[in-house]
1. Could you go through the range 42-50 and let me know if any residue there is at pLDDT 85 or above, of a type in the set (Val, Ile, Thr) and over 17 Å from the mean Cα position of the chain (by Cα).
2. Just for the range 73-88: of the residues that are of a type outside the set (A, V, I, L, M, F, W, C) and loosely packed, with under 10 Cβ neighbours inside 10 Å, which one is farthest from ARG1 (Cα to Cα)?
3. Yes or no: PRO70 surrounded by fewer than 11 Cβ atoms within 10 Å (Cβ to Cβ) and over 17 Å from the mean Cα position of the chain (by Cα)?
Amino acid sequence: RFVLNDTTLPHRGGPDGSQKLFLPKGTYILAGVPTIHMDPEIWGPDAHEYQPDRWLDEGFQSRPRYSYMPFSEGRRHCPGELFALVVA
């Protein structure tokens, strides 16, 4: 994916993420899904450990949107997502 027009995001820039972030037209964007899935800021200090309780409703529902994207998101997400859910 890439930026279609010059865009400024209201945050996520600078060393602490509190500054605006300018993305010039043509900038390629890549979501580091494995990094998101193991982010201690989202999942806690044990983010690199398997914790089945994370997936219980009360724990999982409190997570920010897009903190877990095993099949990606949007209209170009994985076509096998529904198949995987049916098989599981």
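1. Going through the range 42-50, the residues at pLDDT 85 or above turn out to be 42-50.
If we keep only those that are of a type in the set (Val, Ile, Thr) as well, we get 42.
Filter again for over 17 Å from the mean Cα position of the chain (by Cα), leaving none.
Checked the range 42-50: no residue is at pLDDT 85 or above, of a type in the set (Val, Ile, Thr) and over 17 Å from the mean Cα position of the chain (by Cα).
2. Residues of the range 73-88 of a type outside the set (A, V, I, L, M, F, W, C): 73-77, 79-81.
Now narrow it down to the ones that are loosely packed, with under 10 Cβ neighbours inside 10 Å: 74-76, 79.
On the way: GLY74: 12, ARG75: 13, ARG76: 11, PRO79: 18 Å.
The selected residue is PRO79.
3. Details: surrounded by fewer than 11 Cβ atoms within 10 Å (Cβ to Cβ): yes; over 17 Å from the mean Cα position of the chain (by Cα): no.
No, not satisfied.
The values are calculated or read from the model by the stated rules, or taken from the named source; none is laboratory data. Fair warning: this is a prediction, and the values are worked out from it, not measured in the lab. Here Cβ is always computed from backbone atoms with ideal geometry, including for glycine, and neighbour counts include all displayed protein chains.
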